[in-house]
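Colleague: Dropping the structure in here first, questions after.
The values are calculated or read from the model by the stated rules, or taken from the named source; none is laboratory data. Quick caveat: nothing in here was measured; it's all calculated off a predicted structure. All Cβ positions, even for glycine, are placed from backbone atoms using ideal geometry, and neighbour counts span all protein chains on display.
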There are 2 protein chains.
Amino acid sequence: MDGEPLSALCSPALVVDVDKVLLDHPDALEQLRKRPLRDGRQWHVWLKLDCGNGRAGVLHSDPEALTLARAIAETQGVQLTGVYAHCGNSYNCRGVEQVQTVAQDTTSLTLQFMEKLKAVGITCKSSIGSTPSCSHPVKEMAQLSEVHPGNYVFYDVQQSVIGSCSLEDVAVRVLTRVIGHCCHRNQLLIDCGWSGISLDGAGKLPTGYAVIEGHPNLKLLSMTQEHGRVEPASGQLDFSKYPLGTQLMLIPYHVSNV
Amino acid sequence: MDGEPLSALCSPALVVDVDKVLLDHPDALEQLRKRPLRDGRQWHVWLKLDCGNGRAGVLHSDPEALTLARAIAETQGVQLTGVYAHCGNSYNCRGVEQVQTVAQDTTSLTLQFMEKLKAVGITCKSSIGSTPSCSHPVKEMAQLSEVHPGNYVFYDVQQSVIGSCSLEDVAVRVLTRVIGHCCHRNQLLIDCGWSGISLDGAGKLPTGYAVIEGHPNLKLLSMTQEHGRVEPASGQLDFSKYPLGTQLMLIPYHVSNV
């Protein structure tokens, strides 16, 4: 793989800066070792730990996790800056209690791993992140070096369903217009499809792919790429209330991509 | 609604030029009437007809369709340039015969509508469009003024499933890299999630959200926003065959948004 770009090693989304990298595999470390930075600069590496999320990261319970951390710390030109665990499994929670259980577990496992590092003479930063866990932090999180609060600043409908916030806390809207009256189908057509708002909410809300602000009886039933079909949750639509050009405010299910 | 932008009337995606508009409702025509173009220029209007697609358009069988066409033709500053029917219902077809049935029906209904127009002294262009119908055109389509062939130039996996093309005809790939070995889950992690390739294929393919070129046993099982999880359709993954940095070519299910 010599001569391959850095994107061969890790997702572009995870490269925070040219010298900062998240990694979870010895092969990625080996690639950094082969590409020393100039002028005496070091690669700043965050070890990604999987504390139950099940996406990226080396499993916290895997002995390889400690081996990899030591290898990072001992590699010339590379610095173990920190350990990071994303607790995306908090997205499966409903309510504060469940969220705090995940936050507690992730924090405890991360801090236990920091203790193992300390026992072999390694000190570095510790960090966890997810919107729900940072919305309802547990006391032990104060022992971490930092937290990554996700889309805490904006929130979305998904976060209100999880219990991170109330629907009133969501600060993002996607503005759309009524562009068609499909009376024979009892539907409005809007100029927002899945190019404008994520399909990620599919089937997870009684109001379809979004909440339509101020219109609790409206449902964003289905979307094609450019269009959305809106129908009433029940009853006949009063089309005179929605002339062509009417603006509707969609509160997105998942906001990170908007 | 005076002073409202043109987007109040119709989807930006449907505004081909500042003086060309697709419409399907008398209120939209009224808005054009209120906004005459300067220098003697006319609005060029395509009437959108629904010939069974069920998205936008005035129903071909609705007497209002002819009334609206006449109103367009008679409005000062507005010209009825043509009639357009999108036969997106061809996406529900499987195989040439079903596609040609939809193509035939849409063409016949559009041409019948043109005859009705002719009977009241109106002549204008006629047009239909969809990738499947233009891939397997029927003879009667030669009587139309034009066709809109969709993503015919690129194709995608969806079109191969419909029968518009073979998988070998698809000219688009999304390049991704293996960025993680999740041995405990028998999965590879890739740096392509639903920000990079549409969720539109969800559950419609045995290989998940895409076809992975040259790897018929691999399945793009699930995606988060930035990551994809790839697992074998059966058996244990041989991770040594997919070192970090391995490039995989995804053939997208739906390509219009790539």
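Colleague: Given the structure, is B:Leu248 modelled with pLDDT of 95 or more, in contact with a strand residue (DSSP E or B) (Cβ under 9 Å, 6 or more places away or on another chain), assigned to a strand (DSSP E or B) and farther than 25 Å from A:Ala65 by Cα?
Modeller: Criteria met by B:Leu248.
Colleague: Take segment A:1-28 and flag every residue that is modelled with pLDDT of 85 or more and closer than 22 Å to B:Gly228 by Cα.
Modeller: Matches in segment A:1-28: A:Val21, A:Leu22, A:Leu23, A:Asp24, A:His25, A:Pro26, A:Asp27, A:Ala28.
Colleague: Next question. In this structure, does A:Ser160 turn out to be more than 14 Å from chain B (Cβ to nearest Cβ) and over 27 Å from A:Asn92 (Cα atoms)? Can you show your working first?
Modeller: Details: more than 14 Å from chain B (Cβ to nearest Cβ): yes; over 27 Å from A:Asn92 (Cα atoms): no.
Judged against the criteria, A:Ser160 is not a match.
Colleague: Now a separate question. Can you name the residue in segment B:89-118 that is surrounded by 23 or more Cβ atoms within 10 Å (Cβ to Cβ) and among the small types (Gly, Ala, Ser) and, of all such residues, is nearest to the other protein chains (Cβ to nearest Cβ)?
Modeller: If we take residues in segment B:89-118 being surrounded by 23 or more Cβ atoms within 10 Å (Cβ to Cβ) and among the small types (Gly, Ala, Ser), then B:Ser90 is nearest to the other protein chains (Cβ to nearest Cβ).
Colleague: If you don't mind, there's one more thing I want to ask. How many residues does segment A:36-46 contain that are surrounded by 14 or more Cβ atoms within 10 Å (Cβ to Cβ) and without any contact (Cβ under 8 Å) to a residue 40 or more places away in the chain?
Modeller: Qualifying residue count, segment A:36-46: 4.
Colleague: Please work out if A:His184 is under 27 Å from B:Ala28 (Cβ atoms), assigned to a helix (DSSP H, G or I) and not assigned by TED's automatic domain parsing to the domain that holds A:His136.
Modeller: Working: under 27 Å from B:Ala28 (Cβ atoms): yes; assigned to a helix (DSSP H, G or I): yes; not assigned by TED's automatic domain parsing to the domain that holds A:His136: yes.
Here the answer is yes, as A:His184 does meet what is asked.
Colleague: Let me ask you something else. Here are A:Thr131, A:Thr110, A:Thr67: which of them is touching a residue at least 60 places away in the same chain (Cβ under 8 Å), closer than 25 Å to B:Cys182 by Cα and polar (S, T, N, Q)?
Modeller: Values: A:Thr131 fails: touching a residue at least 60 places away in the same chain (Cβ under 8 Å); A:Thr67 fails: touching a residue at least 60 places away in the same chain (Cβ under 8 Å).
The match here is A:Thr110.
Colleague: Are there any pairs, at least 6 apart or on different chains, whose C-beta atoms fall under 9 Å, with the first in segment B:176-197 and facing chain A (nearest Cβ under 7 Å) and the second buried (at least 23 other Cβ atoms within 10 Å of the Cβ) and β-branched (Val, Ile, Thr), and if so, which?
Modeller: B:Arg177/B:Ile190; B:Ile179/B:Ile190; B:Gly180/B:Ile190; B:Leu189/B:Ile179; B:Leu189/B:Val230; B:Asp191/B:Thr176; B:Asp191/B:Ile179
Colleague: Among the residues that make up segment A:59-76, is at least one of them over 24 Å from the mean Cα position of the chain (by Cα), surrounded by fewer than 15 Cβ atoms within 10 Å (Cβ to Cβ), outside any helix (DSSP H, G or I) and on the phi > 0 side of the Ramachandran plot?
Modeller: There is no residue in segment A:59-76 that is over 24 Å from the mean Cα position of the chain (by Cα), surrounded by fewer than 15 Cβ atoms within 10 Å (Cβ to Cβ), outside any helix (DSSP H, G or I) and on the phi > 0 side of the Ramachandran plot.
Colleague: If you check B:Ala142 against the conditions, is it at pLDDT 95 or above and outside any helix (DSSP H, G or I)? Show your work before the answer.
Modeller: On the way: at pLDDT 95 or above: yes; outside any helix (DSSP H, G or I): no.
The answer is no for B:Ala142.
Colleague: What are the pairs with Cβ atoms under 8 angstrom where one residue, in segment A:83-94, is assigned by TED's automatic domain parsing to the domain that holds A:Leu47 and assigned to a loop (DSSP other than H, G, I, E, B) and the other, located anywhere, is crowded, with 24+ Cβ neighbours inside 10 Å and polar (S, T, N, Q)? Sequence gap at least six, or different chains.
Modeller: Cβ pairs passing all conditions: A:Cys87/A:Thr106; A:Cys87/A:Ser130; A:Cys87/A:Ser133.
Colleague: In segment A:215-230, which residue that is charged (D, E, K, R) and modelled with pLDDT of 95 or more is farthest from A:Val178 (Cα to Cα)?
Modeller: Our first condition is that a residue be charged (D, E, K, R); within segment A:215-230, this holds for A:219, A:226, A:229.
Pick out the ones that are also modelled with pLDDT of 95 or more and you get A:219, A:229.
Numbers: A:Lys219: 13, A:Arg229: 10 Å.
The qualifying residue farthest from A:Val178 (Cα to Cα) is A:Lys219.
Colleague: Another question about this same structure. Can you name every residue in segment A:211-254 that is surrounded by fewer than 22 Cβ atoms within 10 Å (Cβ to Cβ), hydrophobic (A, V, I, L, M, F, W, C) and within 14 Å of another protein chain (Cβ to nearest Cβ)?
Modeller: Selection gives A:Leu221, A:Phe239.
Colleague: Here are the criteria: (1) touching a Leu at 6+ places or on another chain (Cβ under 8 Å); (2) at pLDDT below 95; (3) assigned to a strand (DSSP E or B). Tell me which single one B:Ile197 does not satisfy.
Modeller: (3)
Colleague: Can you pull out the residues in segment A:103-160 that are of a type in the set (Ser, Thr, Tyr) and either in contact with a strand residue (DSSP E or B) (Cβ under 7 Å, 6 or more places away or on another chain) or closer than 15 Å to A:Cys51 by Cβ (or both)? Before the answer, list the steps.
Modeller: Pass one, segment A:103-160, residues of a type in the set (Ser, Thr, Tyr): A:106-108, A:110, A:123, A:126-127, A:130-131, A:133, A:135, A:145, A:152, A:155, A:160.
Residues satisfying the conditions are A:Thr106, A:Thr107, A:Ser108, A:Thr110, A:Ser126, A:Ser127, A:Ser130, A:Ser133, A:Ser145.
Colleague: Could you tell me which of the residues B:Gly163, B:Gly208, B:Gly150 is on the phi > 0 side of the Ramachandran plot and surrounded by fewer than 19 Cβ atoms within 10 Å (Cβ to Cβ)? Steps first, please.
Modeller: Details: B:Gly208 fails: surrounded by fewer than 19 Cβ atoms within 10 Å (Cβ to Cβ); B:Gly150 fails: surrounded by fewer than 19 Cβ atoms within 10 Å (Cβ to Cβ).
Testing whether each residue is on the phi > 0 side of the Ramachandran plot and surrounded by fewer than 19 Cβ atoms within 10 Å (Cβ to Cβ) leaves just B:Gly163.
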